[in-house]
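Student: Structure provided below as structure tokens; questions to follow.
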Amino acid sequence: MEINPLIRGRVSFGAQEKYRVLLEEGGEAAAEPSGALRAYGELPAVGDWVRVRRACDFCLMEEVEARRTAFVRRAAGRAHASQCVAANIDVCFVVCGLDGDFNLRRIERYLVLAWESGARPVVVLNKADVCGDVAAAVASVRAAAGGAEVVTLSAALSVAPLRPWLGEGATVGLLGSSGAGKSTIANALTGGALATREVRAGDSRGRHTTTASMLMAVPGGGWLIDTPGMRELGLLASETSLDLGFPEIAELAALCRFGDCRHEAEPGCAVRQALEEGRIPADRWASFAKLQREARHHAREADLNVQRAEKQKWKAIHKAVKRMNQERGR
């Protein structure tokens, strides 16, 4: 009989390779990745389902189950590394404040990453009580949101408009920059006690209240993942996700005369024609073009990384064969 069998749990907190896991059999325990997982697997993210061995109030994580969805960003300060911020989320609440930090271009970037994650994006415009023209702000966001729904609220007063997405078994991720009100929303939805801080008066920017992702239970059986505020968000997304974020441009691109049209000076370019006629706003096109460059750069990096890994693998194999032949010749 196995003394410590593998049991299932879900990562509720993770920072600097220190974790906490909610166990299916009940309770929560501190956890660390096993040596094998550190060496050969991908480290867990908040929201991951894992298989652990339990010893009193501590767990050793041996396996990470396949992710249904994953919100991934470029790791800060590392040229080619990526970081999974939250896993197995069904809905991404892209939170933006309707105060001095309102930024349509940032919303577009978050939406592309939300589509890339595989989750359903919903734009949450918070702090409606301090906005002079809510209708105009909502109209501008709807024009940029593609197929994503847009919700307005004042989290300090009520978060009732968000509850329909948090049914039993559903997991929602809160994404947005510091000061957008994610922690206030999380507190209101969970009845928790996350620390919140006032934004700076000068520019309405936040002060990174949440420093690590956390999975929290919501009354009614749902789950909420609060993530750290990320003002600069390195894009790790495909052009398919870009098309979902900018559907009107994708539809026009399909009408271009040439399938590989770069929408610059090619004849029969439906996108350039729409730009000249004002059917695509110039700032919207500039945002798309910038994100497209980043997506293509990421694709090239990924191909180079695969080539490097393959080259290193065969180099190691050749060294091993050479060493074996040398030993046989002794």
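Bear in mind these aren't lab numbers, they're just calculated from the coordinates by the rules spelled out. Because the structure is a prediction, the values reported are computed rather than measured. Here Cβ is always computed from backbone atoms with ideal geometry, including for glycine, and neighbour counts include all displayed protein chains.
Student: Kirkwood Rh over alpha-carbon pairs of region 6-64, then Stokes-Einstein at 10 °C and 1.306 mPa s: what D in µm² s⁻¹, rounded to an integer?
Tutor: Result for D is 147 µm²/s.
Student: Continuing with this model, one more query. Could you please report the charge total around P44, scoring K, R as +1 and D, E as -1 over all other residues with beta-carbon less than 14 angstrom from its beta-carbon?
Tutor: Details: positive: R8, R10, K18, R20, R38, R51, R67; negative: E17, E32, E42, D48, E62, E63, E65.
So the environment of P44 carries a net charge of 0.
Student: Related question: Placing unit charges on C-beta atoms (Lys and Arg positive, Asp and Glu negative, everything else neutral), compute the dipole magnitude of region 6-64 about its Cα centre in debye, rounded to 20.
Tutor: Using Cβ point charges on Lys, Arg, Asp and Glu, region 6-64 gives about 40 debye.
Student: Separate question: How high is the relative contact order of region 106-180, given as a whole-number percent (alpha carbon pairs under 8 Å, six or more residues apart)? Could you put the intermediate results ahead of the total?
Tutor: Details: 56 pairs, mean separation 23.6, N = 75.
It rounds to 32 percent for region 106-180.
Student: Considering amide H positions built from the backbone, and no H for Pro or chain starts, which residues 5 or more places from R120, or on another chain, come under 5 Å of its amide H?
Tutor: The list, which skips near neighbours in sequence, is V91, C92.
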